[in-house]
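> Next up is a structure, given as structure tokens.
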């Protein structure tokens, strides 16, 4: 596989010379974006199937075998729907907002390694880049809420951006612990740092267990998923910030939400669950492990949605500011001190 | 002209354009978004100088956090453009004076260096970590200045909270510990109500 890629790169370099670099990069980008989009489509089906299973009903089962073509049918339906722009809405920003929501969710994939050397940009400041990209997603939501010229959308946008800004801090500090442990901000090096020859025992979720839990819960809050989906609290503010969107505008927000879920699953895997590393020393490391771990984290997202009732807004803020942020701050100090002792085994 | 120069002029033009639009845009929401664009473009310029830590931190802190709060405030303001522009010409000379002063300062500081365009950033190998170097400098050579800045920020934060914190006497709040500690017996009382005797159904 790797040799095939290398010969491809060689022939490309001979054929196109200096123009080969951008072409090759675009090919690599497609190789990541297309599977992510496919993943998003089938994650919606998986969500409905798993929720159905947990609620003792079949879920979608009419379009294709076991409903396998349902995402395609949904996609076509959304494409063909009329786009409605509300009166007095700010047209340019109204149209730009879904793009601003989706773009950072896709841009962050640039530094995520799927296997040894399988990454678009192997940069040293990868972790910082990830933090910066995930912090940009909130613009799509605020602008959508404001540009819609609708009170429901505006309230939804305010709620959701306050939530994202609060939980971002906890996520950031949890990642600071990871970077302390790995002593590197290169995402690939973080994964390699979790390889100590004992498989599962080397992964950072063991010394940083509280951070692992905080990071994942904050990730669920960051993506506005149940039980933290107050932004689209149907019973109170209709559909939140995307109330006024129809057709493809809505579909882009939907894509952004699910792409962010997959991103959080990938980040949790890379930071705490050893990325592409095998859990037992006698099996080889491969991308299969990465995908399996991501699928498990995504399953947790869906499981949470089926299990927990929605949080109240003040409870959400309390959890973020009074529980997670102090906990992460303390754990940064604990890890930093722990690493100075001989008992740090990672 | 190398690719880097082209990219530099692209980002520089974008920064200047966005900066101009910040002060000329009629809609304050647009002005804030142009300011965001200016930050992103200047982050691009810093990235060209191999200052990746500063560039990404600019995006992370200013675009990701500070400007979000700006948007929050601007979104909720009731802005009347006519009233905003009322005193423009009265205050114009003061503004002009300040701007002139700033330009003078920049010429004073930067003009001393022989030829601004002549400064070439030092090229480093791919494994060079700008962040590590910066961290080392901050915590060794500049540790006092850094700690002082941190304390200053802390004071500002405490002061802002102290200024805006008002305790209302009649406000109701929940004590979460007590809520969790509640037992079934504190809330539910089972009363046994004797069954009522059946009323004879009256029919006519």
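The values are calculated or read from the model by the stated rules, or taken from the named source; none is laboratory data. As the structure is a computational prediction, the values presented were derived from the model and not from experiment. All Cβ positions, glycine included, derive from the backbone under ideal geometry; neighbour counts span all protein chains shown.
> Filter segment A:74-84 down to the residues that are without any contact (Cβ under 8 Å) to a residue 40 or more places away in the chain and either under 12 Å from residue A:46 (Cα atoms) or surrounded by 14 or more Cβ atoms within 10 Å (Cβ to Cβ) (or both) and list them by number.
The one that is without any contact (Cβ under 8 Å) to a residue 40 or more places away in the chain and either under 12 Å from residue A:46 (Cα atoms) or surrounded by 14 or more Cβ atoms within 10 Å (Cβ to Cβ) (or both): A:74.
> Taking the condition under 30 Å from residue A:83 (Cβ atoms) and in a helix (DSSP H, G or I), does residue A:152 pass?
Numbers: under 30 Å from residue A:83 (Cβ atoms): yes; in a helix (DSSP H, G or I): yes.
The answer is yes for residue A:152.
> Yes or no: segment A:157-173 includes at least one residue that is more than 24 Å from residue A:321 (Cα to Cα) and either outside any helix (DSSP H, G or I) or within 11 Å of chain B (Cβ to nearest Cβ) (or both). Working first, answer last.
Pass one, segment A:157-173, residues more than 24 Å from residue A:321 (Cα to Cα): none.
There is no residue in segment A:157-173 that is more than 24 Å from residue A:321 (Cα to Cα) and either outside any helix (DSSP H, G or I) or within 11 Å of chain B (Cβ to nearest Cβ) (or both).
> Of (1) within 12 Å of chain B (Cβ to nearest Cβ); (2) under 17 Å from residue A:33 (Cβ atoms); (3) touching a residue at least 12 places away in the same chain (Cβ under 8 Å), residue A:99 satisfies all except one. Which?
Single failed check for residue A:99: (1).
> Within segment B:55-78, work out how many residues are at pLDDT 80 or above and more than 10 Å from chain A (Cβ to nearest Cβ).
The number of residues fulfilling the criteria is 4.
> Would you check if residue A:221 is at pLDDT 85 or above, more than 14 Å from chain B (Cβ to nearest Cβ), surrounded by 19 or more Cβ atoms within 10 Å (Cβ to Cβ) and closer than 22 Å to residue B:60 by Cβ? Please lay out each step first, then the result.
Values: at pLDDT 85 or above: yes; more than 14 Å from chain B (Cβ to nearest Cβ): yes; surrounded by 19 or more Cβ atoms within 10 Å (Cβ to Cβ): yes; closer than 22 Å to residue B:60 by Cβ: yes.
The answer is yes for residue A:221.
> Does any residue in segment B:128-153 that is within 14 Å of chain A (Cβ to nearest Cβ) and surrounded by fewer than 12 Cβ atoms within 10 Å (Cβ to Cβ) come within less than 8 Å, Cβ to Cβ, of a residue that is in a helix (DSSP H, G or I) and modelled with pLDDT of 85 or more six or more places away or on a different chain, and which pairs are these?
Short answer, once both residue conditions are applied: B:139/B:146.
> Follow-up question, since we're still on this one. Which condition number does residue B:146 fail, the rest of (1) under 25 Å from residue A:313 (Cβ atoms); (2) in contact with a helix residue (DSSP H, G or I) (Cβ under 9 Å, 6 or more places away or on another chain); (3) outside any loop (DSSP other than H, G, I, E, B) being met?
(1)
> Which residue, of B:100, B:118, B:95, is more than 11 Å from every other protein chain (Cβ to nearest Cβ), more than 17 Å from the chain's Cα centre (by Cα) and at pLDDT below 85?
Criteria check complete, one pass: B:118.
> Counting just the residues of segment A:92-118 that are touching a helix residue (DSSP H, G or I) at 6+ places or on another chain (Cβ under 6 Å) and outside any helix (DSSP H, G or I), which one comes out surrounded by the fewest Cβ atoms within 10 Å (Cβ to Cβ)?
A:115
> I'd like to verify a number: residues in segment A:127-156 that are more than 8 Å from every other protein chain (Cβ to nearest Cβ) and within 30 Å of residue A:184 (Cα to Cα), how many?
Residues meeting the conditions: 5.
> Continuing with this model, one more query. Which condition from (1) more than 10 Å from every other protein chain (Cβ to nearest Cβ); (2) free of Cβ contacts under 8 Å to residues at least 40 places away in the same chain; (3) closer than 30 Å to residue A:155 by Cα is the one that residue B:28 breaks?
Just one mismatch for residue B:28, condition (2).
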